[in-house]
Amino acid sequence: MRSFFTILIILFSLTVVFPIIKDTSNTNQEISAVRINQLVNIDGNLHEEFWKQIIPVNQFTQRNPDEGKEPTQKTEIKIAFDNAALYIGARMHDSSPDSILARLVRKDVEITSDLFAVFLDPYFDRRSGFYFAMNAAGTQYDGVLYNDSWDDETWDGVWEGKVNIDDGGWTAELRIPFSQLRFHKNSENVWGINLRRDIARNNEEDYFVYIPKNENGFVSRFAQLKGINGITPPGKFEILPYITTRAEYTHPEPNDPFNNGSDYIPGLGADFKVGLGTNLNLNATINPDFGQVEIDPAVINLSDVETFFDEKRPFFVEGSTIFNFGEGGATNYWGFNWANPDFFYSRRIGRTPQGDIPEADFTDYPDGTHILGAAKITGKIGDSWNIGVIQSLTSREFARIENAGMRSKTEVEPMTYYGIVRAQNEINDGYQGLGFMSTVTSRFFKDDRLRDEINKDAYVFGIDGWNFLDSSKTWVIAGWTGLSHVSGSQSKILDLQSNPQHYFQRPDAASLSLDSSAKNLTGYAGRFYLNKQKGNFFFNSAFGFISPNFDLNDLGFLWRADVLNMHVGAGYFWTEQTSIYRHLEAGGAVFRNYDYDGNITWEGIFHFGFIRFLNYYTINWNLAYNPETINNRRTRGGPLTLNPPGYQVNAYLSSDDKKDIIIGAGFFTYQTNYSYNWDFNSSVEVRPSSNVSISIEPYYSINNEFAQWVDSFSDETAVNTFGRRYVFAKLDQKTFGAGIRLNWTFTPELSLQLYAQPLISSADYKNFKELAAPKTYDFNIYGTGSSTFDESTLTADPDGNGPANPIQIENPDKSFKSLRGNVVLRWEFVPGSIVYFVWTQTRSDSEENGVFRFGRSFRRLFNTEADNIFMVKFSYWFNM
């Protein structure tokens, strides 16, 4: 294991110091843009005289379904420009215009439809760029390209585009302002470009620059766009002021002095985007509106691991790819029982306050931390340095409490500064890369009580990079390594050592121990990959490590520390169509985890596969087997136990997504000799018209766990388990849920979206027991042998008439019901300016009863009073 890690480090170092000679072969294809000097009416008709004079580009090649062949329909593209913008005119000829699939959806929503797209690399760095697309119904798509072959749709530009369907097919006309792009100031410009057309009824994708399926890369293969000369990158100064009003109607406890059931909250602020020279953008905000339009899903979490929620706030989502640490060069980052630490988890900024409050009759606890201001800088320095910087300051937050008629307030979150700096240098035209990331969290306490509850400062620093090992970019080694340092009071650092990420208190841990005098915690982590990512045969391997002391949860997300992880995997994919399938892929891997004591905490063998049939139905599946291993988490800070051997089976079938009705169904199961779980999920999407879709994704799960954690109790007579009794029970958990969506798009600018999530879950605990001995899967069941157990009071006496004291177990049985949903009306009345009307409703109910009763649960849920929130947000985009 150590030798494998050493070899990876040496190989990574040598390939950076001695870079290979790059392969300079690339496409010789060129497209010329024509300067124009007249106003253009963007209407999708291409009636202006200059469109008739430009020689079109029409050399396209199929990538799907008949790879390498001529397209079934002709496509002609023309490109023009003036001092302010780039213009794209596209004519998609079609011999059967009545068969054009034109489905209207909201901006950036993926749907199977006829489509035209243009991909641009204005820096001509052959690694990054932008894309702009329109489908035949007029839906717009845009985003950024990065890491040569990846894309991110969260970037939203302000541009114009219209389409028109006629007897000869359909046309698209795009106007892309230069202010939305970043490029160097040159007397003669050369950009990278690629073009794409989709013919949905044939599942056809045609490209101007065709890249075979067994090849890698995308931006690096672009053609050259020439002729865009005599232009200057425009200065950028955009202002987006906004006004919001929010009305909340809830159901507080009777006589709550802080909440009478209704609250009205106005808001006013502004976002700014400023160009710093030609290569950098500054995004700043005053009194930001960091609310999110779509609510988070309800989850049932019985583990000791925090739930990860995706970021949905536009300020953090847009342009976030530069902050992806540890990913670059390689295109696949497999992980088996490896949860990669997230160096920057933006939802920490504005998080729910962390401080405790004293017991009180009534409390008014803040839902989140107010962000006083935030600024973000992204872009390039020089030709190859990509940078990203975020600075943010959050306010001091207070909770209001009332006891016996006396009101007071207590601080629950100190003022906090968050800083993130990210830079990455792409060397030798992307054959090598080297970058770093640094995050800082610094809190300013006024209430010393909080020093024992919240970390004072946290610093994280990491470096990442990659190196291709051959001129064809077939083999690549990539990786990252980082350090963390957290400081705080002795009490807080002791608590940090004991939390679920670390569990230093484990009594049989050889390399871990609690240090009650410590005022800081410093750790390290890293991961290295060796991949073959070109050709039909692929290879993927990795080695990762997270030291027990590593922690970045102040501004990142860490699932577990004390992990050594490795895998070796390979596979093959078949791209040539046969009489059975159009595409087939199969592979597998072996993997193993250690902790820093050398215990094997997980290992197994894994197989996966995917097939696309001739009718475009697909099946993906995976199988796994895991032998017996050590578990250092089950007792939540207690002694080791064993993981019984088990196996996993998973499969999912999906129908052709170009049809008006799309169905999918699948299952997952994991089984041991003691426990099992089954998950069944399905989906149905119906499109009654080209602009309406209705989907429902129901699921049902059964979790039958032989040893589910309940609690632990100190008892000096429990000599076999280090003076504590670790109590478990057999868990019978059943969960039903669904995601229901209605998307009704009236025009490309006006849409209505409805989302609802019903959830019913029950957890029934029985056969209470305690761990019999460390490093086993043996348990003493209460009520057997010399022990006694009272089912009515959940009182257990581990040794009956012996010296051990009885244990009082709190009833863990629970039945939870939830219904969450929202309705969003979005109207982009002019480009970049949007008004939202949002209605959000939540209702929930719980009982100390673990019996799953579907009908009763739904009745109780709909009889529960609902909380309703109404919001209107108006924003207007000014381009100065």
Out of the range 320-334, which residues are within 18 Å of the chain's Cα centre (by Cα) and open to solvent by less than 40 Å² (accessible area, probe 1.4 Å)? 320, 321, 322, 323, 325, 326, 328, 331
Of the numbered conditions (1) at pLDDT below 90; (2) open to solvent by less than 20 Å² (accessible area, probe 1.4 Å), residue 317 satisfies every one except a single condition; which is it? (2)
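Touching an Asp or Glu at 6+ places or on another chain (Cβ under 9 Å), outside any strand (DSSP E or B), open to solvent by 50 Å² or more (accessible area, probe 1.4 Å) and more than 25 Å from residue 571 (Cβ to Cβ): does that describe residue 517? I'd like the intermediate steps shown before the answer.
Details: touching an Asp or Glu at 6+ places or on another chain (Cβ under 9 Å): no; outside any strand (DSSP E or B): yes; open to solvent by 50 Å² or more (accessible area, probe 1.4 Å): yes; more than 25 Å from residue 571 (Cβ to Cβ): yes.
No; evaluated as a whole, the condition is false for this residue.
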What are the pairs with Cβ atoms under 7 angstrom where one residue, in the range 257-276, is open to solvent by 70 Å² or more (accessible area, probe 1.4 Å) and the other, located anywhere, is part of a loop (DSSP other than H, G, I, E, B) and not charged (D, E, K, R)? Sequence gap at least six, or different chains. 268/287
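Yes or no, residue by residue, for (1) part of a strand (DSSP E or B); (2) open to solvent by less than 30 Å² (accessible area, probe 1.4 Å):
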| residue | (1), (2) |
| --- | --- |
| 609 | yes, yes |
| 616 | no, no |
| 667 | yes, no |
| 688 | yes, no |
| 697 | yes, no |
Considering only the range 39-85, how many residues are of a type in the set (S, T, N, Q) and not in a loop (DSSP other than H, G, I, E, B)? 5
Close pairs (6 angstrom Cβ cut-off, 6 or more residues apart or separate chains): at positive phi and modelled with pLDDT of 95 or more in the range 663-691, open to solvent by less than 50 Å² (accessible area, probe 1.4 Å) and acidic (Asp, Glu) anywhere: none
Could you give every pair whose Cβ atoms fall below 7 Å, whose first residue belongs to the range 702-715 and is in contact (Cβ under 8 Å) with a residue 40 or more places away in the chain and closer than 11 Å to residue 812 by Cα, and whose second residue is open to solvent by less than 30 Å² (accessible area, probe 1.4 Å) and of a type in the set (Val, Ile, Thr), counting only separations of at least 6 or pairs across chains? 710/727; 710/809; 711/727; 711/809
The range 481-511, residues that are surrounded by fewer than 20 Cβ atoms within 10 Å (Cβ to Cβ) and over 19 Å from residue 448 (Cβ atoms): 481, 483, 485, 498, 499, 500, 505, 507, 508, 510, 511
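Could you pull out the residue among 84, 102 that is in contact with an Asp or Glu (Cβ under 9 Å, 6 or more places away or on another chain) and in contact (Cβ under 8 Å) with a residue 12 or more places away in the chain? Spell out the reasoning first.
On the way: 84 fails: in contact with an Asp or Glu (Cβ under 9 Å, 6 or more places away or on another chain).
Selected residue: 102, the only one of 84, 102 that is in contact with an Asp or Glu (Cβ under 9 Å, 6 or more places away or on another chain) and in contact (Cβ under 8 Å) with a residue 12 or more places away in the chain.
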From the set of residues in the range 370-422 that are surrounded by fewer than 19 Cβ atoms within 10 Å (Cβ to Cβ) and outside any strand (DSSP E or B), which is modelled with the highest pLDDT? 395
Residues of the range 847-867 that turn out to be loosely packed, with under 15 Cβ neighbours inside 10 Å and within 30 Å of residue 827 (Cβ to Cβ), as a count: 0
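A quick yes/no check of all residues on (1) in contact with a Leu (Cβ under 6 Å, 6 or more places away or on another chain); (2) not in a strand (DSSP E or B):
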{"site": "461", "(1), (2)": "yes, no"}
{"site": "467", "(1), (2)": "no, no"}
{"site": "470", "(1), (2)": "no, yes"}
{"site": "478", "(1), (2)": "no, no"}
{"site": "483", "(1), (2)": "no, no"}
{"site": "494", "(1), (2)": "no, yes"}
{"site": "504", "(1), (2)": "yes, yes"}
Of the residues that sit in the range 340-373 and are β-branched (Val, Ile, Thr) and in contact with an Asp or Glu (Cβ under 9 Å, 6 or more places away or on another chain), which one is farthest from residue 566 (Cα to Cα)? 363
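Against the condition over 12 Å from residue 729 (Cα atoms) and not polar (S, T, N, Q), how does residue 763 come out, does it pass?
Values: over 12 Å from residue 729 (Cα atoms): no; not polar (S, T, N, Q): yes.
Criteria not met by residue 763.
The values are calculated or read from the model by the stated rules, or taken from the named source; none is laboratory data. Please read these numbers as outputs of a predicted model, since none were measured by experiment. Note that we place each Cβ from the backbone using ideal geometry, even for glycine, and neighbour counts take in every protein chain shown. Heavy atoms of the whole protein, side chains included, go into the accessibility calculation; ligands, DNA and RNA do not. Shrake-Rupley method; radii C 1.70, N 1.55, O 1.52, S 1.80 Å.
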